[in-house]
Each structure stands twice: as structure tokens, then as C-alpha cells.
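Values in this text are rule-based calculations from the coordinates and carry no lab data. Because the structure is a prediction, the values reported are computed rather than measured. All Cβ positions, even for glycine, are placed from backbone atoms using ideal geometry, and neighbour counts span all protein chains on display.
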Amino acid sequence: MRFPAIENFVDGQPAGNSCERITVYSPLDGSALSTIPRSTATEVADAVSAASKAFPDWASRTPRQRAEVLFRYRSLLLQHQDELAELIHVENGKTLDEARAEIVRAIEVTEFACALPQMFAGEVLEVSPGVECRVDHVPLGVVASITPFNFPCMVPNWTIPIAIALGNAMLLKPSESVPLTAHRTAELLREAGLPHGIFSVIHGDRVTVEAICDAPQIKAITFVGSTAVAKQVYRRATGQLKRALCLGGAKNHLIVLPDAHLEQTAANVVASMAGCAGQRCMAAASMVAVGDVDRIVQRVIEIANSLVPGETLGPVISVAARERIVRYINEAEKAGARVLVDGRIRKGVGSEHGFYLGATVIDYVTPDMAIAQDEIFGPVLVILRARNVDEAIGIENSSPYGNAAAVYTQNGAIAKYIGQRASSGMIGVNIGVPVPLEPFGFGGWNESKFGVGDITGKSSVYFWTQSKKTTSRWNTEIRQGWMGH
């Protein structure tokens, strides 16, 4: 094993137990990295107990005092950026540049959390002479975040700094494929001065997730992962009368018009498709070619062919993931689609033993094909042909998902027309990964999100808190009105 065994992190320290162990493998070469516990309801209960004991003191601190801890945490993320990037590279497989980019995003959300004392200080209004109304955002208590393998640092930090800054105590259940970054995150929060018990990491699999959903003291849960599992978590959590916000999969469409800028569009489409090996819910899964855009398709082919697995393109997370993606490509080819760039052919020095798949571009895919309907989660771009803008919009609208959609054009009116009609929560104009920055929130529509609000940004504050309204009257000389009874 390259790393020592990873334990749960509870009450400020590693918590050993007698659970069964899960072996963690690196997608870079298939080597064993470490082991983690397959935590049961008992281990979850221990973490919840520690969090419940620590919560009252943390919640009683001023917003500024809590933000000071997170400001130190932000500094530590900057200081340890290279170390964290290496951990992400080893356990997830993405390139070091991609790993650093997701740490930058984690820092941005942490900066937003540090600003919460100024942005959400409460509201006070004198509603009539001598009568004052006030609303405060009060933390919920113990909350939980269940995160996926594809962004070991960024996605956990969508929730950790905001929920903690607002006064909650949090349990993080990371993907069993990427425990190293989560453990280091816990250590950095402890170093930043976060009180013991306020942040815990619980490792495991489905049994662990179910225990989190069922734990009565956990008040709210976020989840990021596939749509199928997001639905299960949402139903189970809300069935236990908890708040839940569960983000699922996606099938994002990039609508390319003939007037689109050649180099900008082709480079951006490939970057969206192949970045992070296509393992992101904002990836370009489908390019909808409107009319004659063959010059752009040809340039997409050239750029995709230049990507080298093991150098400029990381592996997918597992052998099973690679085999699943290849099956989709094989089925599409048998159904009549044309493979223009074939990632099934292994190439690239250093990629012989890892879970690699080259960039793949498939043209003349029809909307009824499985590869056009399902989330592939790999470096695969399918091209669907449309005769006009309305047909392209119809293709986008037919998807059950609704995370993101983009349009490439130099015509502002057409861009607005498509943006208004696309059935997605995040829209890009000449941008293939239209992720909003803070304070704008991340969140899709339809089968890409279950629950209300966004996981980051301003609306996330309302998910992690409940409002307390106080009405006061101190002037006894004022004649009693409706609120005197």
C-alpha cells in the first residue's frame, strides 16, 4: 500500500474501528493505495454524537468568529495546493493542472463563506412606531454531505465552508474511491482551529449512506452523484423528514451554429468533453450541429486526436467504468453512428496499466440511441445533426436531465432565443462549462436536481439555516394594535 490505512475522522482525530475494510486503487496504474472502513450505523452514530456535543458552542459563536476559522482554512488550502493536487491526481487520476483548478474553486467557495457575516447579518425593520421586526438565520444542527469521486476537493467544499460558517456541525461521507483528499481536508480544518466534533469524515459504501439518511439527529443532507442514487437518497432522507438537496447526472448539449468562431468553438467543445476525462456533470456530452458546421467538426477531430492519455488526458475511475463506456461506443457504432476519433485504441506512454480511454468523437448519432440518452461520464462527444435552431432546441428539451446547455454563435439574438428555451439550470454562451462563480449558485433542473435551491451561492444559506423572526415592542405609550393581543 502506498499510503497507511485511512480511518474515520471523528472528534478531531482518526477513529479506529473493527469494520470491514475497502481497498482503494489508483486509476493511474491500478495499484492499491490504501484501505478504508466500511462504516456501519454504529460509526455514524459515534460521529453524530460528537457533532451534537460540539454544536452548541460553535453555534453560539458570532458569525465573525466562525469566519475567522475558515479564513485560516482558506490560507491552508493555498499553502497546501500542490500537496492536495498530488493526492487528487493519485486517487482520482486527473491531471495536476485539473487538480489545481478544482482546488481554486474550493478556495472561491471558502471565500464566499468568509463573507457570510457581511452578506447575511440579519434584517431589522421598524414596521410601525415602536414596533421592530427582526429575522436571523439560525443553524440547523448536525448536517451531512455525501460526495462523489470526480472532484475530491471541490465538491466537498461546495458544502463544508458554507454549512460550517453558518454554525452547523457537518459529517462528510466521501466516495470510497477518493478518501485521501477528504482525510487531509479534515486535518487542515483542525489546523485552522475548527473545534473538535464540528467536522467529521465517515468512510464506507451504501450501508453508510443509508445510516446517514436514517440518523435522527442529522437535520439536512446534500448528495452529489448519479441520478439513480440521487433519487434514492432524496426519498430516504425526506422520508425521515430531513431536508435534502440531491444533485444527479446530466446530458449537456452544446448547440453549434454555422457562424460560431472556428478555433474558439472547437477548442472549447473538446475541453468541455475531455476535461477531467469527461467525468463531470458539466461535461459536453452532446454537440448539436445546426446546419453546415463540418469545418468545426473537422477541427474538433484534430484537437481531440492531439490529446494523449497519460499526458494531457487522465484515466477514468475504474476498469468497470472504462468497460461500460466502451460498450456504449460499440453499440452506437453497430447502430450506424460513425466513430471519427476512436478512444478505444490504447495509446500514450505511461497509460498501459491505468484505466485509460482516449478522447472519442462519434458523428451521426440519433436521439434514440442509448449513447445519446444516457450519461456516459467519460471523454466521449456525440454529434447529433439538426436542420435548424428549433430542431436543436427540441433535441435538448427531450433530455430528462437539465444541468447545463450551451450555444456557440456570434448572434446575440439567437443566443438569447436558445438560452430562454433550453431546459437547463445553467446556460453557456460560447462557454462549454458554464459553472457560475460565487455568489451565484450551482444547480440544474429536471432529473439533474432533487430538492429546492442551489448547493452553493446565496440560496444555499437558506438550505443550511432556518429563519427566526422576532417582533419587539418597547414603547408602552403606543396604542395597542393587532399585535397587542
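Net charge of the neighbourhood of Thr227, taken over other residues with C-beta under 9 Å away and scored Lys/Arg +1, Asp/Glu -1, is -1.
How much length would be gained if the chain were fully extended between Glu191 and Gln79, taking 0.36 nm per residue of separation minus their Cα-Cα distance, in nm to one decimal?
Numbers: separation 112, 0.36 × 112 = 40.32 nm, distance 1.23 nm.
Here the answer is 39.1 nm.
The value of relative contact order for the range 1-156, using C-alpha pairs under 8 Å at least six residues apart, is 19 percent. Couplings 3J(HN,Hα) of the range 212-225, computed from phi: 5, 4, 8, 4, x, 7, 7, 8, 8, 9, 10, 9, 9, x Hz, in residue order, whole Hz [Karplus 6.51 cos²θ - 1.76 cosθ + 1.60, θ = phi - 60°; x for Gly and Pro]. With the convex hull drawn around the C-alpha atoms of the range 265-328, the volume per residue stands at 98 Å³.
Please work out the FRET efficiency for the pair Thr312 and Tyr462, using the Cβ-Cβ distance as r and a Förster radius of 56 Å; give the result to the nearest 0.05.
Efficiency, from the Cβ-Cβ distance: 0.85.
Think of the chain as a dipole: +1 on every Lys or Arg Cβ, -1 on every Asp or Glu Cβ, centred on the Cα centre; then among His253, Val201, Cys276, Val201 lies furthest on the positive end.
Straight-line cross-link partners of Lys416 among the aspartates and glutamates, defined as a Cα under 19 Å from its Cα and at least 8 positions apart when in the same chain: Asp259, Asp390, Glu391, Glu396.
Just for the chain, what percent of DSSP beta bridges are antiparallel, to the closest 5? Restricted to the chain, the bridges split so that about 40 percent are antiparallel. Straight-line cross-link partners of Lys458 among the aspartates and glutamates, defined as a Cα under 12 Å from its Cα and at least 8 positions apart when in the same chain: Glu438. Each of Tyr73, Tyr25, Tyr234 was scored by other Cβ atoms within 10 Å of its Cβ. Listed from fewest to most, they are Tyr25, Tyr234, Tyr73.
Taking 7 Å steps out from each Cα toward its Cβ at Arg327 and Gln298 produces label points 3.8 nm apart.
In the chain, taking the dipole from charged Cβ atoms about the Cα centre, the farthest positive-side position among Pro439, Ser177, Ala404 is held by Pro439. Were the residues from Asp214 through Gln264 laid out at 0.36 nm apart, the gain over their Cα-Cα distance would be 13.2 nm. Around the Cα centre of the range 252-429, unit charges on the Cβ atoms of Lys, Arg, Asp and Glu (plus for the first two, minus for the last two) sum to a dipole of about 180 debye. Coupling constants for the range 202-210 follow from the phi torsions by the Karplus curve (6.51 cos²θ - 1.76 cosθ + 1.60, θ = phi - 60°), and in residue order they are 10, 8, x, 10, 4, 4, 5, 4, 5 Hz; glycine and proline get x. Both radii were evaluated on the Cα set of the range 275-381; the Rg over Rh quotient, with Rh as the Kirkwood radius, amounts to 0.94. Each Lys or Arg adds one and each Asp or Glu subtracts one; over the other residues with Cβ under 9 Å from the Cβ of Pro161, this totals 0.
Amide hydrogen proximity for Ala244: with H placed 1.01 Å from N in the peptide plane, the residues at 5 or more positions away or on another chain lying under 5 Å are Ile221. For the range 252-429, the share of DSSP beta bridges that are antiparallel, to the nearest 5, is 10%. With 0.36 nm allotted per residue and the present C-alpha distance subtracted, the Asp374-Arg421 stretch has 14.8 nm of extension available.
Using the alpha carbons alone, the radius of gyration of the chain stands to its Kirkwood radius in an Rg to Rh ratio of 1.02. Modelled spin labels at Leu437 and Ala41, positioned 7 Å past Cα toward Cβ, are 4.6 nm from each other.
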